[in-house]
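K.L.:
My structure is below; once you've seen it, I'll send some questions.
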Amino acid sequence: MTTERTPQTTQAHRTRGALLRAGRRVLERKGLHKTRVSDITKEAGVAAGTFYLHFENKDDLFRQLLITVEDEVYGELVPSRSGGSVDPAHRIRETNLLYLSSFKRNAGFWKSVEAAALGQPDLPDVLAERNRYYRSRTERAIARWQAAGEVSPDVDPATAAFVLGAMTERLAYIWYVFGHREDVDTAADDLTRLWLNYLGIE
């Protein structure tokens, strides 16, 4: 849990933001295990003691970054309300495009997350908890489409949400962390085709 010792002033928010941005740059360059607090404060251009007014340690900062980046990736998965189609095929394609675009922007950070998870016993639990929350949104959407006759009645919404979500996350990692794919539009088309086939959507 982040400390509450720093007054929530404009300057405090700016300093916290500078530390988060600096921490992300250092973590992406060096990885969590090799990063020191002094590396982060030097990058941010602040005194070493200032760090502990905002974060308990580098693991605390890392978790805050993880939440921020995850919210960017998953938070964008809210379809446009202005003129957006309710057709499932269109909605799935739009969602996949938003997800892949955001994942690509944050590929360097996700690489550091994967490496950190090997040495952080509780990090997989943090990731799994947040993943369950976002996966439940997919499950509800599939159930709605199924009730409307858009999705095959043979599909189990919970299983579909888990399998399709895991496939999407891993493909995004391989494509944009390993650098096997640059084009997001075509990747979204390919990924959407797999979703539609699984769900039995024409």
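Every number in this text was worked out from the coordinates using simple rules, so none of it is lab data. Everything numeric in this text was worked out from a predicted model, so none of it was measured.
K.L.:
Run the numbers for HIS13 and LEU196: contour at 0.36 nm per residue of separation, minus the present Cα-Cα distance, in nm.
P.N.:
Between HIS13 and LEU196, full extension yields 61.5 nm more.
K.L.:
Multiply the residue separation of ARG181 and GLU114 by 0.36 nm, subtract the distance between their alpha-carbon atoms, and state the gained length in nm to one decimal.
P.N.:
22.2 nm
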